[in-house]
Amino acid sequence: MSPEVIGVLIGAVAAMWTITSFNGLVALRTRVQTAWAHIDVQLKRRNDLIPNLVEAVLGYMQHEHATLEAVAQARAQAIAAGGNVEQRSAAEAALAATIGRLFATVERYPQLRAAENVQLLQEQITSTENRIAYARQFYNDEVMKYNMTLATFPRNLLAGTFGFSPSAMFTAEESGRASVQVKM
């Protein structure tokens, strides 16, 4: 084989690797974006349920306006956080904590616990919280795969050249969660 043919083969292999690696990075980035969209759908669902829950308990909880206002304020902050994963993560953790405190407060009102619409809304929010947890896990798995691919040699050279950057994990801050104790 002549040196020219060897050079062309090496160039072809390098070009194929570059194309394949680039397309792989694009696919991983798209999976991360899609996984984030799944989280966002569930977060919006929860945010849509909260005003209904607050309205349902408002009549029963005349002396608990601070709790209801905290829920409304945390919801507004979560909505305002937008698409930044770190800011949204912190805001959603705070919202989850205030919802937990609201549920704990609801437990102190027997007539409220018995109200069918409140029970239904609590079940829907709890179900949505489970969906958020699953979507968060899926998103974080995709982010881990993407970030690992970006960090490994030689793709890290290609990623830097084409402007791929790591994605942030969507975390649930443990310090923001309220422990709910159920007493029988």
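The values are calculated or read from the model by the stated rules, or taken from the named source; none is laboratory data. Predicted model only: the values in this text are computed from it and were never measured. Note that we place each Cβ from the backbone using ideal geometry, even for glycine, and neighbour counts take in every protein chain shown.
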Pairing a residue in the stretch 6-24 that is under 14 Å from R155 (Cβ atoms) and without any contact (Cβ under 8 Å) to a residue 40 or more places away in the chain with any residue that is surrounded by 11 or more Cβ atoms within 10 Å (Cβ to Cβ) and hydroxyl-bearing (S, T, Y), where Cβ atoms lie under 7 Å and the two sit 6 or more apart in sequence or on different chains, gives none
Only one of (1) exposed (fewer than 14 other Cβ atoms within 10 Å of the Cβ); (2) under 19 Å from N130 (Cβ atoms); (3) modelled with pLDDT of 95 or more does not apply to M16, and that is (2)
Check your understanding: What about A35, is it surrounded by 18 or more Cβ atoms within 10 Å (Cβ to Cβ), modelled with pLDDT of 90 or more, out of contact with any Gly (no Cβ under 8 Å at 6 or more places or on another chain) and in a helix (DSSP H, G or I)?
Key -> yes
Of the candidates R113, R75, R45, the one satisfying the condition of being at pLDDT below 90 and outside any loop (DSSP other than H, G, I, E, B) is R113
- Among the residues of the stretch 41-64, is any surrounded by 13 or more Cβ atoms within 10 Å (Cβ to Cβ), in contact with a Phe, Trp or Tyr (Cβ under 7 Å, 6 or more places away or on another chain) and more than 30 Å from N117 (Cβ to Cβ)? no
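Here's the yes/no breakdown for (1) farther than 29 Å from G59 by Cα; (2) touching a residue at least 12 places away in the same chain (Cβ under 8 Å):
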residue: A91; (1), (2): no, yes
residue: R113; (1), (2): no, no
residue: V118; (1), (2): no, yes
residue: F138; (1), (2): yes, yes
residue: N147; (1), (2): yes, yes
residue: L150; (1), (2): yes, yes
residue: S165; (1), (2): yes, yes
